[in-house]
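Chemist: Pasting a structure here, questions to come.
Rule-based calculations on the coordinates, nothing more; no lab input. Predicted model, so just to flag it, every value in this text is computed and none were measured. Cβ placement follows ideal geometry from the backbone for every residue including glycine, while neighbour counts extend to all protein chains displayed.
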Amino acid sequence: MIFGIGLSKTGTNSLNDALTTLGYPSVHYPDPDLMLAGRFAEALGDAEGATDITVAAFFRELDDAYPGSKFILTVRDRRDWLASVESHMARREPESLEPGNPKGEVRRRLFGRADFDPISYLAAFELHRAEVLTHFTDREDDLLVVDLCGGDGWETLCPFLGLRAPRAPFPHANRTPEYRRVLAA
């Protein structure tokens, strides 16, 4: 299994698309109800990869449940991440903020709260990275830290997975139109 354990808005959609392109059927944002219940096999189904916050929240448990797996921590500039999360959260459905809502519960697990608070979210962003790096200390073959938003792509991902890079361009998903224009320049 390959697990993308970066927080939402760090390139998890792009990683998910890249894994699928490389021949690893991957699920983006596995069902939060199932993940919270520890029913990982049911949440992942036949997938060979999984990405996003519902995976990030359970990286330790997934490491135990799927020994020999590869883990990819997607990261990005923290200020850019915070702005992206704030914009994303402003568009989210309000019911996810209610206690007991599985989407909100996953956010509470990682951020200490379901609603957006820049101080709490930024602290959790830093803590998550530190906890992942600590967990995988002396296991460099099991963890890749990649900045897809910053331009990393096949040249970083494929060697980690022991694959040759495909000829197709790296799939950068969910980019804002302004960001796409900057990349094209």
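Chemist: Å³ per residue of the Cα convex hull, for segment 6-66?
Modeler: Spelled out: Cα convex hull of segment 6-66, divided by residues, is 69 Å³.
Chemist: Could you tell me the extents of segment 92-173's C-alpha atoms along the three principal axes, largest first, rounded to whole Å?
Modeler: Principal-axis extents of the Cα atoms in segment 92-173, largest first: 45, 32, 21 Å.
Chemist: Express the Stokes-Einstein translational diffusion coefficient of the chain in µm² s⁻¹, to the nearest whole number, given a Kirkwood radius over alpha-carbon pairs, 4 °C and a viscosity of 1.567 mPa s.
Modeler: Answer, rounded: 77 µm²/s.
Chemist: Taking Cα pairs under 8 Å and at least six residues apart, what relative contact order does segment 2-184 come out at, in percent?
Modeler: In percent, rounded to a whole number, it is 27.
Chemist: Let me ask something else. Can you list the residues, at least 5 places off or on another chain, whose amide H is less than 5 Å from the amide H of ILE72, using H built in the peptide plane?
Modeler: So ILE72 has HN proximity to PHE3, GLY4, ILE5, LEU144.
Chemist: Next up: Find the relative contact order for segment 37-120 and round it to a whole percent, using C-alpha pairs within less than 8 Å whose residues are 6+ positions apart.
Modeler: Relative contact order, segment 37-120: 23 percent.
Chemist: With runs of 4+ DSSP H residues as the only contributors, calculate the mean residue ellipticity of the chain at 222 nm using -39,500 (n - 2.57) per run, divided by the residue total and rounded to the nearest 500.
Modeler: Helix-only estimate at 222 nm: -13500 deg cm²/dmol.
Chemist: For the chain, give the share of DSSP beta bridges that are antiparallel, in percent and rounded to the nearest 5; count only bridges with both residues there.
Modeler: Beta bridges within the chain, antiparallel portion: roughly 0 percent.
Chemist: If you don't mind, there's one more thing I want to ask. Looking at segment 43-142, which trypsin sites (Lys or Arg not before Pro) are DSSP coil and have at most 13 other C-beta atoms within 10 Å of their C-beta?
Modeler: Sites meeting the loop and neighbour criteria: ARG139.
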